[in-house]
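K.L.:
Here you go, one structure.
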Amino acid sequence: MVDRIVDQGWSVPVTSGVQSLARAFALLEALAASPDPMGVAALAEGVGLPVPTVHRMLRTLVDLGYARQDPTRRYGLGPRVALLAEGTGAMLGALARPHLTALVDELGETANLASLDGDRVVYVAQVPSRHSMRMFTEVGRAVLPHATAVGKAVLAGHPPTEVLTLLTRTGMPGHTEHTLTDPTEFAVHLEQVRRQGWAVDDGEQELGVRCVAVAIPSGPAPALPRLAVSVSGPTARMTTDLIDRAVPALRAAAVTLAADLAGPGR
């Protein structure tokens, strides 16, 4: 007999032998997907389980350090989740590498995977171009999102009020003469990114470098960080023709990588 665990609009088939484990991960993913601590009733509704079952499992997760209960008796992720998070970057890089390599083979320029981590965009993985002159960003580098294609692609998936709040916290320093530094102008630009489904950094982070990016759909894996995949290179080679070719290739890579990240059966 096969049961199903429902979480955030998708379902996971589980056998009775791993049902408790599947339920625990469903709870952890629900907690990770929520920006605020959650009550037992809301969690139970989100994962499709009875309240007593959720309450019992939460007590176990709290005892193990993977969940915590705040003074309002709501629950969030616990400190031991950081032990699991340490391997996330390596996992994302390993899954992304074949897709990034395929982009380099097709387009000839450096391919990147980046994630929104707090208020900054962090480069998670990269496959460099085979040209002697090429774009190179150190994996692990964190940059402000307003001046990068990957940052714009990710921010376009957030409500405008959240984007404005983020930009108010970080400021909008001008890295080059092309950087957008006015929140109102940036909001108009980001709306265009939302409509077309891709973003460009045209010498805004670094003069002489152009980058085009597409956000990776979160789909059935809302607990994952917001990600974007990009291709970047010298402006002279990143022509309009190459960008026109890159956008559909990036969209295809984003969809297939999203499916890989979601795992089998999702």
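We did not get these values from a lab; they are worked out from the coordinates using the rules stated. What you are looking at is a predicted structure, and each value in this text was computed from that prediction instead of being measured. Methodologically, a virtual Cβ is constructed for each residue, glycine included, from the backbone with ideal geometry; neighbour enumeration extends over all protein chains shown.
K.L.:
Read phi for every residue in the stretch 69-75 and hand back ³J(HN,Hα) as whole Hz from Karplus 6.51 cos²θ - 1.76 cosθ + 1.60, θ = phi - 60°, with x for Gly and Pro.
P.N.:
Rounded to whole hertz, the list is 10, 8, x, 8, 6, 9, 10.
K.L.:
On a full-extension model of 0.36 nm per residue, what is the gain between residue 245 and residue 51, subtracting their alpha-carbon distance, rounded to one decimal in nm?
P.N.:
Gain on stretching residue 245 to residue 51: 64.8 nm.
K.L.:
Using Cα pairs closer than 8 Å and at least 6 residues apart in sequence, work out the relative contact order for the stretch 87-262, in percent.
P.N.:
Reported as a whole number, the value is 23 percent.
K.L.:
Then there is this: Pop the C-beta distance of residue 97 and residue 237 into the FRET formula with R0 = 25 Å and round what comes out to the nearest 0.05.
P.N.:
It comes out at approximately 0.65.
K.L.:
Continuing with this model, one more query. Give me the distance between the Cα centres of the stretch 154-197 and the stretch 19-77, rounded to whole Å.
P.N.:
34
K.L.:
Then there's this: If we count other beta carbons within 10 Å of each Cβ, what is the order of 129, 20, fewest first?
P.N.:
Ranked by crowding around the Cβ, least crowded first: 20, 129.
K.L.:
Residue 182 versus residue 162, label points 7 Å from Cα toward the beta carbon: distance in nm?
P.N.:
Placing both labels 7 Å along Cα→Cβ, they lie 2.7 nm apart.
K.L.:
Determine, for each peptide in 105-113, 53-61, the mean count of other beta carbons within 10 angstrom over its residues, then list the peptides with the highest first.
P.N.:
Averaged packing, sorted descending, gives the order 105-113, 53-61.
K.L.:
While we're on this one: Of the GluC sites (Glu not before Pro) in the stretch 138-199, which ones lie in a loop per DSSP and count no more than 15 other C-beta atoms within 10 Å?
P.N.:
Here the sparse-neighbourhood loop sites are 138, 177.
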